[in-house]
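Taking it in order: structure first as structure tokens, then the write-up.
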Amino acid sequence: MDPAAEGQVIPERYGDLHNLVPVCIDLAVGKWKLNRRKIHAITAVREAGKTLISGTEYTPDLVNAEFTIGVTPVLQPSTVYYFVLESDYTINGTDYLGFGWGTDGGIYTGGTCYFIDGAGAWSDQSKDIQFRVYAKETLDGPEIRIIDNWVWGAWNYNAYLRKAAAQTRLAQSFTTPAAGGPWYLSRIQVEAKATGTPSTSRTTLMSILSAYNPTEVQVGVKSYRMENYTGEANRAYFPQRGAATDLTVDIEGIETSGGALMTNVADIIQDIQANILDGDADALNAADLVALKAARTETLALNLDTETDYEPLVNKLETGQLWKYIPLLDGTIGLKYAASGEPAGTPHYRDEHFVSFRMRRVWSSIYERVKIKYAQDGGSGEFLVQEAEAIAAKYLYRNQRTLEVETFLTDAASALLLAQDYLGTSTSGARKQYLSQPMVVVEFELAVGLGWELLPAMKVKLTRERAMSATGALAGVLFYVLDVQKNGSSGAVTVTAILDATTY
């Protein structure tokens with residue numbers, strides 16, 4: 001294990017996440033960890049900004065939320081190796097690559113060129129490809145040239161790659177120096193020229209073998225895709241993979257039980273309850289869970305890569321989608337959300353139900369602008385921002401305050417709608433908060449036996465003959481419950497609620 005990873009929290013990740021930094025858990029084989037549990041997909045692996053090819057340059061393991069990128073080929077002194085060139089363009093006899101080939105066969109005495117046919121048979125050509133080998137004595141050390149078989153003017157482009165079935169691959173053997181080493185291979189340079197028009201989207205790679213007979217034995221990982229130059233040198237760079245490798249990864253995180261990507265707030269809360277908190281999944285009120293899932297369909301992405309208390313996590317989810325996480329009297333946990341209009345069964349209280357009643361306006365709740373932070377980058381931690389503005393706050397109340405809310409939302413449209421919901425400026429918003437106007441707050445105590453069913457985020461209708469309204473009365477006006485205090489000994493219930501409409 002990379003010592004730098006010791007003691008780190010194994011992350012839990014939900015949704016479509018970008019630029020995550022994986023943890024190396026096995027330096028010897030190049031294995032990296034992304035999540036504690038199975039993930040849906042690895043969508044990109046980048047090394048120093050270069051995107052690697054799945055199955056060729058890295059091997060995903062979604063069940064264990066890991067991937068393996070192998071290790072840099074290490075060359076020992078006084079040892080024969082073979083570099084093998086392969087490409088994926090179609091064999092047609094007219095469009096192919098030719099590599100610089102010695103005319104006398106006697107310039108380089110440390111190896112020879114081979115043609116490899118489609119059946120994997122190697123044939124010795126008694127000549128050499130023009131090449132140079134560069135390596136490092138340490139992964140973070142300077143690059144040096146350890147073999148130079150580069151002589152100008154004595155070469156033809158007769159080592160053909162994929163011109164015919166007898167030349168599906170090319171190989172060149174070489175012998176490392178006796179002095180020095182071992183070396184971390186960094187690149188091999190060859191001379192290439194295109195004949196005809198081999199596909200410009202071709203993928204040409206180079207691998208290093210320590211043996212080819214009776215079976216091929218690969219050393220380290222294959223090179224990156226070679227630069228598709230024509231008429232000049234081609235360079236095959238080998239990944240430099242060690243403890244300090246610069247890797248970033250994009251993933252799709254934890255799945256639902258049906259195998260789909262989990263992005264809904266209700267699914268995520270249920271998964272956290274059962275699989276992170278080791279709690280009882282049935283503790284979440286089943287009806288509330290279904291209702292919340294239907295009401296809050298925005299796509300979320302959570303990157304839980306540090307030890308985070310559950311309360312701040314829930315607070316961010318609540319403020320980011322306007323709902324409440326409430327312990328219920330039956331022992332389950334309720335999930336109550338703000339909704340527009342009057343839900344069925346809304347309680348209605350009148351003058352005879354109130355023991356006390358107070359109504360006031362709160363001017364400190366007015367904001368000119370709400371900024372919603374969304375789509376947090378897993379590498380830099382930076383958010384994208386969408387904002388909405390209510391100019392009434394500025395021109396009517398001379399208030400230019402800004403509210404910033406961090407969320408787990410992933411798309412701009414959802415973030416903008418949430419900002420408008422906070423200010424009440426959206427015509428389609430389903431959960432308006434009206435922060436652009438003074439908040440009308442009522443505080444009342446109900447007669448014994450009433451209000452025990454009330455919970456935060458529920459709606460109540462209030463009728464009050466003497467109230468601070470335009471007409472001096474309330475008649476079935478809808479309010480949104482903020483807080484409920486229940487006294488078990490006296491039976492009293494004290495409620496704080498805010499007006500759920502801009503006018504009454």
Against the definition (farther than 20 Å from LYS461 by Cβ, surrounded by fewer than 16 Cβ atoms within 10 Å (Cβ to Cβ) and either at pLDDT 90 or above or not small (Gly, Ala, Ser) (or both)), how does ILE391 come out, yes or no?
yes
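Is it the case that some residue within the stretch 127-136 is under 30 Å from ASN92 (Cβ atoms) and surrounded by fewer than 17 Cβ atoms within 10 Å (Cβ to Cβ)?
Just the residues of the stretch 127-136 that are under 30 Å from ASN92 (Cβ atoms), to begin with: 127-131.
Add one more test, that the residue is surrounded by fewer than 17 Cβ atoms within 10 Å (Cβ to Cβ), and what stays is none.
Scanning the stretch 127-136 turns up no residue that is under 30 Å from ASN92 (Cβ atoms) and surrounded by fewer than 17 Cβ atoms within 10 Å (Cβ to Cβ).
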Residue satisfying all of: in the stretch 27-58; within 19 Å of THR204 (Cα to Cα) and charged (D, E, K, R); nearest to the chain's Cα centre (by Cα) among these:
ARG46
Looking only at the stretch 182-205, decide whether some residue is under 40 Å from the mean Cα position of the chain (by Cα), on the phi > 0 side of the Ramachandran plot and not in a strand (DSSP E or B).
no
Between a residue in the stretch 58-70 that is over 16 Å from ARG46 (Cα atoms) and at pLDDT 95 or above and any residue that is assigned to a strand (DSSP E or B) and of a type in the set (S, T, N, Q), which pairs come within a Cβ distance under 9 Å, given they are 6 or more apart or on different chains?
ASP61/THR68
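Give the residues of the stretch 148-179 that are among the polar types (S, T, N, Q) and over 14 Å from GLY111 (Cβ atoms), sorted by residue number. Talk me through it step by step, then tell me what you get.
Initial filter on the stretch 148-179 (among the polar types (S, T, N, Q)): 149, 156, 158, 167-168, 172-173, 175-176.
Of everything in the stretch 148-179, those that are among the polar types (S, T, N, Q) and over 14 Å from GLY111 (Cβ atoms) turn out to be ASN156, ASN158, GLN167, THR168.
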Counted residues in the stretch 405-421 being farther than 16 Å from THR263 by Cβ and assigned to a strand (DSSP E or B) come to 2
Considering the stretch 469-490, residues that are more than 29 Å from GLU318 (Cβ to Cβ) and touching a residue at least 12 places away in the same chain (Cβ under 8 Å), and then whichever is surrounded by the most Cβ atoms within 10 Å (Cβ to Cβ), we arrive at SER469
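Given the structure, is GLU311 out of contact with any helix residue (DSSP H, G or I) (no Cβ under 8 Å at 6 or more places or on another chain) and closer than 22 Å to TYR434 by Cβ?
On the way: out of contact with any helix residue (DSSP H, G or I) (no Cβ under 8 Å at 6 or more places or on another chain): yes; closer than 22 Å to TYR434 by Cβ: no.
Answer is no for this residue.
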Among the hydroxyl-bearing types (Ser, Thr, Tyr), in contact with a Leu (Cβ under 9 Å, 6 or more places away or on another chain) and touching a residue at least 24 places away in the same chain (Cβ under 8 Å): is that true of SER436 in this structure?
yes
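For the condition modelled with pLDDT of 95 or more, under 16 Å from ARG37 (Cα atoms), among the charged types (D, E, K, R) and not assigned by TED's automatic domain parsing to the domain that holds VAL45, what is the one hit in ASP267, ASP278? Step through it out loud before you land on a result.
Working: ASP278 fails: modelled with pLDDT of 95 or more.
Among ASP267, ASP278, only ASP267 is modelled with pLDDT of 95 or more, under 16 Å from ARG37 (Cα atoms), among the charged types (D, E, K, R) and not assigned by TED's automatic domain parsing to the domain that holds VAL45.
Take the stretch 437-472 and flag every residue that is outside any strand (DSSP E or B) and hydroxyl-bearing (Ser, Thr, Tyr).
Going through the stretch 437-472, the residues outside any strand (DSSP E or B) turn out to be 437-438, 447-458, 465-472.
Of everything in the stretch 437-472, those that are outside any strand (DSSP E or B) and hydroxyl-bearing (Ser, Thr, Tyr) turn out to be SER469, THR471.
Restrict the check to the stretch 106-117 and report whether at least one residue is at pLDDT 95 or above, surrounded by fewer than 17 Cβ atoms within 10 Å (Cβ to Cβ) and closer than 21 Å to ILE208 by Cβ.
Kept after step one, since they are at pLDDT 95 or above, are these residues of the stretch 106-117: 114-117.
Imposing the further condition that a residue be surrounded by fewer than 17 Cβ atoms within 10 Å (Cβ to Cβ) reduces the set to 117.
Now narrow it down to the ones that are closer than 21 Å to ILE208 by Cβ: 117.
Yes: one or more hits.
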Kindly list the number of the only condition in (1) out of contact with any Asp or Glu (no Cβ under 9 Å at 6 or more places or on another chain); (2) surrounded by fewer than 21 Cβ atoms within 10 Å (Cβ to Cβ) that fails for GLU465.
(1)
Just checking, which of LYS371, LYS336 is touching a Lys or Arg at 6+ places or on another chain (Cβ under 8 Å) and charged (D, E, K, R)?
LYS336
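Conditions (1) surrounded by fewer than 20 Cβ atoms within 10 Å (Cβ to Cβ); (2) within 30 Å of GLY259 (Cβ to Cβ), marked per residue:
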{"site": "ARG36", "(1), (2)": "yes, yes"}
{"site": "ALA41", "(1), (2)": "yes, yes"}
{"site": "ALA44", "(1), (2)": "yes, yes"}
{"site": "TYR58", "(1), (2)": "no, yes"}
{"site": "LEU62", "(1), (2)": "yes, yes"}
{"site": "THR68", "(1), (2)": "yes, yes"}
{"site": "TYR81", "(1), (2)": "no, no"}
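The values are calculated or read from the model by the stated rules, or taken from the named source; none is laboratory data. Predicted model, so just to flag it, every value in this text is computed and none were measured. Quick reminder, even Gly has a Cβ in these numbers, built from the backbone with ideal geometry, and neighbours come from all protein chains shown.
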